[in-house]
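Okay, so here's the structure we're looking at.
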Amino acid sequence: MLFSSKGKHRRPSKAVRVATLAGVAGAAVAVPLMGATGASAASVATWDAVAQCESGGNWSINTGNGYYGGLQFSQSSWAAAAGTQYAPRADLATKAQQIATAEKLLAMQGPGAWGCAGAGNLTNDGVDPGVDTGSSSNSGATKQQSAPAAPKQQAQPKKAERTEAPAADRSDRSAAPQAESKKTVTTPTGQKVGKGDGEYKVASGDSLSKIAADHKVKGGWQRLFELNKDIVKDADLIYPGQQLHLTK
């Protein structure tokens, strides 16, 4: 299943199932949320193998445990990887749509997002699955509503005469964004989250469980999550550039 983190999409693993998005937190790679490129793709056969381990190959499964679909997405990971463009939850989307969304999550977080990555030998093998996301949902869910019509273009206001702000004001305005950027990092969706001031800087592919194991954090990822809850709101979602405390 998917690992949890401020950057992961699934729960920790079958051995450490904790119903929190951060179970085994993984850092979302700072890659735009767009279709996965050839460099971060896996074949349909690989995804089938992962799904067989995660959910018994049931692409419309929803047992009420907070993880959905064949690849067992948590709701936050499904949304972070833009799966909601297909369906509100993964179990309401087609197999193809779930794979397309998983490709994006793979590009963001790497194979470590899935506890069953080893069962399917999931890697960024560069194989484009070529799935058709336009097919109807195999879960029997109702068709997704069509995209809303683009808003009408508003009339352009008359150009106001440009006046040059005093030098002091310009300096104040430019300093504010710079100060803000030092306190936050930008996620793949453009959202700004707290950067923190801990001693460990999150790198692409990291997860709370990986960091806790690598640095022998007493109490594991749960303790790491507790130490950094001021900036890590969802243990499944951590982001490169955030600075985590490893000790109190």
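Where a number appears in this text, it was derived from the coordinates with a stated rule and is not lab data. Everything numeric here is computed off the predicted structure, so don't read it as measured data. Glycine gets a Cβ as well: all are built from the backbone with ideal geometry, and neighbour counts include every protein chain shown.
Subtracting the Cα-Cα distance from 0.36 nm times the residue separation, let me have the gained length for residue 230 to residue 192 in nm, one decimal.
Between residue 230 and residue 192, full extension yields 12.3 nm more.
I need the shape label for the stretch 182-248. Rule: rounded when a/c is under 1.5, else prolate if a/b > b/c, else oblate, with a, b, c from the alpha carbon gyration tensor. Mind showing how you got there, number by number?
Details: a/c = 1.83, a/b = 1.62, b/c = 1.13.
Prolate shape, in that a/c is at least 1.5 and a/b is the bigger ratio.
Determine the alpha carbon to alpha carbon distance for each of 182/216; 95/218; 183/216 and list only those over 30 Å. Could the numbers behind the result be given before it?
Numbers: 182/216 28 Å; 95/218 39 Å; 183/216 27 Å.
Too far apart for the 30 Å limit: 95/218.
Which distance in nm do the two modelled labels at residue 85 and residue 247 give, with both placed 7 Å along the Cα-to-Cβ direction?
So the two model labels end up 4.6 nm from each other.
Any idea how far apart residue 62 and residue 182 come out in nm if each label point goes 7 Å out from Cα toward Cβ?
That separation, rounded to one decimal, is 4.7 nm.
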